[in-house]
Amino acid sequence: MTAVHGGGNSPIIWYFDVVSPFSYLALPGVEALMRRHPVVFRPVVLGALLAHWGSLGPAEIRPKRLHTYRLCQFIAERSGLHMRFPPRHPFRSLSVQRLIIALKANPSAVRTTFDFVWGEGRDPSDPVEFRVLCNRLGVNDYEALIKERGARDALRATTDNAAAAGVFGVPTLVIGTELFWGAEAMPLAEAYLEDANLFGRG
């Protein structure tokens, strides 16, 4: 695997929240990137990041919500990615983000979770649906797992670290000290990995 520009041998960090449809759209590109570079998955709380920067999410602005949903569906269909919106959005993602971090943000668990929410259109904030997801991930006792692995504090720390690094939304790739926000930023990130002087040319 190749070293990361501006970060020595540091891995690329991918910050995400399952509530974000753009994170689902970005995931195939991140998975492809992982075949060439080390990538660490880091769940964060999008709402906390938005509050930190005094921002609103696209689904919180009424005219922007419809545009966002249409755009996501359009991008998915153009890229051949099956996408089905859950019955309610935005949904509360805190429990599912804690679950992912308790599972050490294993890429397989992350993929399973995104497919559950955005591939099957299921709401992980619904208690029944959340139990189905836990079963699918092999988790029998969510509360015990969260407590044992300190997932509440870990998720808070990951979110705080993201904000300190300048992350203002999801999905965001951090390559060295550079931030690449949004599913549409994946080609830019790839270009930067190919040419470390990309941003130095003005």
Q: May I ask you to list pairs of residues, at least six apart or on different chains, whose Cβ atoms are under 6 Å apart, with the first in the range 147-168 being closer than 17 Å to SER93 by Cα and the second being open to solvent by less than 90 Å² (accessible area, probe 1.4 Å) and polar (S, T, N, Q)?
A: LEU155/GLN97
Q. Do any residues in the range 53-69 that are without any contact (Cβ under 8 Å) to a residue 12 or more places away in the chain and closer than 28 Å to ASP160 by Cβ have Cβ atoms under 7 Å from those of residues that are open to solvent by 70 Å² or more (accessible area, probe 1.4 Å) and assigned to a helix (DSSP H, G or I), where the two are at least six apart or on different chains, and which pairs are they?
A. PRO58/LYS64; PRO58/ARG65
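Run down VAL40, VAL128, VAL132 and say which single residue is among the aliphatic types (A, V, I, L, M) and in contact (Cβ under 8 Å) with a residue 24 or more places away in the chain.
Values: VAL128 fails: in contact (Cβ under 8 Å) with a residue 24 or more places away in the chain; VAL132 fails: in contact (Cβ under 8 Å) with a residue 24 or more places away in the chain.
After ruling out the rest, the residue left standing is VAL40.
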(Q) Regarding the range 1-11, can at least one residue be identified that is open to solvent by less than 30 Å² (accessible area, probe 1.4 Å) and assigned to a helix (DSSP H, G or I)? (A) no
Q: Give me the pairs, please: first residue somewhere in the range 182-202 and farther than 27 Å from PRO58 by Cα and among the basic types (Lys, Arg), second residue anywhere and outside any helix (DSSP H, G or I) and at pLDDT 90 or above, beta-carbon distance under 6 Å, and either six or more positions apart or on two chains.
A: none
Q. Given the conditions (1) among the small types (Gly, Ala, Ser); (2) without any contact (Cβ under 8 Å) to a residue 12 or more places away in the chain; (3) open to solvent by less than 40 Å² (accessible area, probe 1.4 Å), which single one is not true for ALA76?
A. (2)
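For ASP115, indicate whether it is at pLDDT 95 or above, out of contact with any Gly (no Cβ under 9 Å at 6 or more places or on another chain) and more than 24 Å from ARG35 (Cβ to Cβ). Give the derivation first.
Details: at pLDDT 95 or above: yes; out of contact with any Gly (no Cβ under 9 Å at 6 or more places or on another chain): yes; more than 24 Å from ARG35 (Cβ to Cβ): no.
Answer is no for this residue.
Could you look through the range 113-125, keep only residues that are within 13 Å of the chain's Cα centre (by Cα) and in contact (Cβ under 8 Å) with a residue 12 or more places away in the chain, and pick out the one that is farthest from ALA157 (Cα to Cα)?
Pass one, the range 113-125, residues within 13 Å of the chain's Cα centre (by Cα): 113-115, 117-118.
Okay, now just the ones that are also in contact (Cβ under 8 Å) with a residue 12 or more places away in the chain, so 113-114, 117-118.
On the way: THR113: 21, PHE114: 22, VAL117: 25, TRP118: 26 Å.
Out of the qualifying residues, it is TRP118.
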Q. Quick one: in the range 41-59, which of the residues that are out of contact with any Lys or Arg (no Cβ under 7 Å at 6 or more places or on another chain) and in a helix (DSSP H, G or I) is farthest from ASP153 (Cα to Cα)?
A. TRP53
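Kindly establish whether ARG65 is touching a helix residue (DSSP H, G or I) at 6+ places or on another chain (Cβ under 8 Å) and at pLDDT below 95.
Working: touching a helix residue (DSSP H, G or I) at 6+ places or on another chain (Cβ under 8 Å): yes; at pLDDT below 95: yes.
So ARG65 fits the description; yes.
The values are calculated or read from the model by the stated rules, or taken from the named source; none is laboratory data. None of the values given here were measured: they were computed from a predicted structure. Backbone-built Cβ (ideal geometry, glycine too); neighbour counts: all protein chains shown. These area figures cover heavy atoms from the full protein model, side chains too; ligands, DNA and RNA do not enter into them. Shrake-Rupley method; radii C 1.70, N 1.55, O 1.52, S 1.80 Å.
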